Structure formats: structure tokens, C-alpha cells
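All remarks here apply to the structure that follows.
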Amino acid sequence: MEDKNDLLKVAYEAVENSGDVQEAITRIRDLYGLHHCVFHLGQTHVDTLDRPFVKTTYPDAWVSRYLLKGYVTVDPVAREGFLRMLPFNWQDLEYGEEQAEMMRDAVQYDVGTSGYSIPVVDRQARRSLFSITSTLGGDEWKDFIEMNGPELQEVAHRVHRRALEEIFGEVDPMPPLGPREIECLTWTARGKEYTVIADILGLSGHTVRGYLKSARFKLECATLPQAVAKAVALKIITP
């Protein structure tokens, strides 16, 4: 493993200089001495459709079994990963027998005995999950995460951006709405007038109108209802 002081720099370079995300996560796996790495971009919002973007170093046999057994519907890591905001150790998850069976099966297929997942949410509310596995256990795994967890969170965000570049190229089709624009659109979608939104957010009515107008322009819509509908379709807001 690289010297600790240089590791993050090398990891950044690995992500930026790789030909694609698959190569990037493979290099990250080797750099940190991990067993496997997985990156799952859950929401890409091409037009109004989500297209999951998944790259993994898992054995082909496990990927095939995962799909054959329909584990995608019971996977506790994916379920929690796309709900949570903070990183989590797989051993801390609570789940039923069906999920436990899947996790035992994963170990048999050389996924690894320990896992750690890092949720990523960008400014356009697109979510991804960067997961790592290892054969370390107990205090060794705890120490590894304590030492490398913060760096790996930064790496996860880099991989997220790299995935968007791989999908969309240099031009990101998602409109760069600001937090206030998103808040104002959200309350509008919930049926609130701009005067009520102003009271809720502690802003002036004029300011709320300005945020809604700029959001409409960024979404390239002629009317506010169209802008709200587009923001909902793109999952930028949730009514």
C-alpha cells in the first residue's frame, strides 16, 4: 500500500486518469488492498428515465447468481445505501432471514467478509453508492475504516463525478439549480402560493418570485407548472 501521505493523491489520479469507471474502481481496490469495489449510480435522469449505472470487481459468478436469484429486490446494502446519507458498515445493518441468506451467499461467492458503503448525493439530488469489501474482520477492519474512511468518502465523490462524465461527457444535462430554487419549486409543487412560501422560508415575496423565475429559466420551461412537472420528472424535487 502507498505511503499514507500520498495515498489520497494517488487515488485521485487513479480516478482521473483511468479510461473509465470500471478501471478506476479496480485501481482503487488494488491501491487500498481491498477485496472488491462497487459503484452504483442509481439516478442518471436521461430524459425522464432512470438508468442504473453499475460497475463492480465482483466475480462474474456472483453477479450472475445475484441476478438469477433476484437479490436486487432484497439486497439490504442497496436498500439502505439509497436511503441513508452517511457511510455505514454492513455489519451494523439490521435485516431479516431473506437478507441474511443473501449475505451468507455473498460470502460463499467470494464477495468478502466485511463491507462498507458510502452514499453520495450531488447538488442535483442524484444518488450513488460506493461500496468496498475486505477479508479483514474485527478490530483490523475497524482500524482500516477509521484510518481510510474519510479519504474513501472523497474518493467516492470523485468516482461519482467521473461516472457522470462517462455517461454525459463534458456537458451535464442536469440543470444546476441552487438550494433555494429547489426549495421554492418543492413548496410550489405542494400547492403553496409564493406569499406562503416566503413566510415558510423567511424570505420576501419578491425574492421567492426571483428564485422561481430563475429555476424556470434553468429548466427551460415557459411556465411555472411546466418547470415543476419537469423538476418532479427529473427527481430534482419530491412533492
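The values are calculated or read from the model by the stated rules, or taken from the named source; none is laboratory data. These numbers were taken from a predicted model, which means no experiment stands behind them. Counting neighbours? That spans all protein chains shown, and the Cβs are built from the backbone with ideal geometry, glycine included.
Listed values, structure above:
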{"item": "Some residue of the stretch 126-149 being among the hydroxyl-bearing types (Ser, Thr, Tyr) and closer than 23 Å to ILE237 by Cβ", "result": "yes"}
{"item": "Meets criteria (among the acidic types (Asp, Glu) and in contact with a helix residue (DSSP H, G or I) (Cβ under 8 Å, 6 or more places away or on another chain)) for ASP110", "result": "yes"}
{"item": "Only listed residue being among the charged types (D, E, K, R) and on the phi > 0 side of the Ramachandran plot, chosen from GLU220, GLU181", "result": "GLU220"}
{"item": "Odd one out for GLY149, checked against (1) in contact with a Phe, Trp or Tyr (Cβ under 8 Å, 6 or more places away or on another chain); (2) surrounded by 18 or more Cβ atoms within 10 Å (Cβ to Cβ); (3) under 14 Å from ASN89 (Cα atoms); (4) not acidic (Asp, Glu)", "result": "(2)"}
{"item": "Sole residue being surrounded by fewer than 16 Cβ atoms within 10 Å (Cβ to Cβ) and without any contact (Cβ under 8 Å) to a residue 24 or more places away in the chain, chosen from ASP110, ASP199", "result": "ASP199"}
{"item": "Residue among CYS221, CYS184 that is surrounded by 21 or more Cβ atoms within 10 Å (Cβ to Cβ) and either under 30 Å from ALA14 (Cα atoms) or out of contact with any His (no Cβ under 8 Å at 6 or more places or on another chain) (or both)", "result": "CYS184"}
{"item": "Selection from the stretch 224-239 of residues that are farther than 14 Å from ARG180 by Cβ and either surrounded by fewer than 20 Cβ atoms within 10 Å (Cβ to Cβ) or touching a Ser or Thr at 6+ places or on another chain (Cβ under 6 Å) (or both)", "result": "LEU224, PRO225, GLN226, VAL228, ALA229, LYS230, VAL232, ALA233, LYS235, THR238, PRO239"}
{"item": "Of all residues in the stretch 68-109 being in a loop (DSSP other than H, G, I, E, B) and in contact with a Phe, Trp or Tyr (Cβ under 7 Å, 6 or more places away or on another chain), the one that is farthest from ASP143 (Cα to Cα)", "result": "TYR109"}
{"item": "Lone unmet requirement of (1) without any contact (Cβ under 8 Å) to a residue 12 or more places away in the chain; (2) not assigned by TED's automatic domain parsing to the domain that holds ALA14 for PHE144", "result": "(2)"}
{"item": "Options GLU140, GLU170; residue that is at pLDDT below 95 and not aromatic (Phe, Trp, Tyr)", "result": "GLU170"}
{"item": "Top-ranked residue in the stretch 1-41 [being part of a loop (DSSP other than H, G, I, E, B) and surrounded by 15 or more Cβ atoms within 10 Å (Cβ to Cβ); ranked as modelled with the lowest pLDDT]", "result": "SER18"}
{"item": "Test set (1) surrounded by 18 or more Cβ atoms within 10 Å (Cβ to Cβ); (2) modelled with pLDDT under 95; (3) under 28 Å from ASP6 (Cα atoms) - THR44 fails condition number", "result": "(3)"}
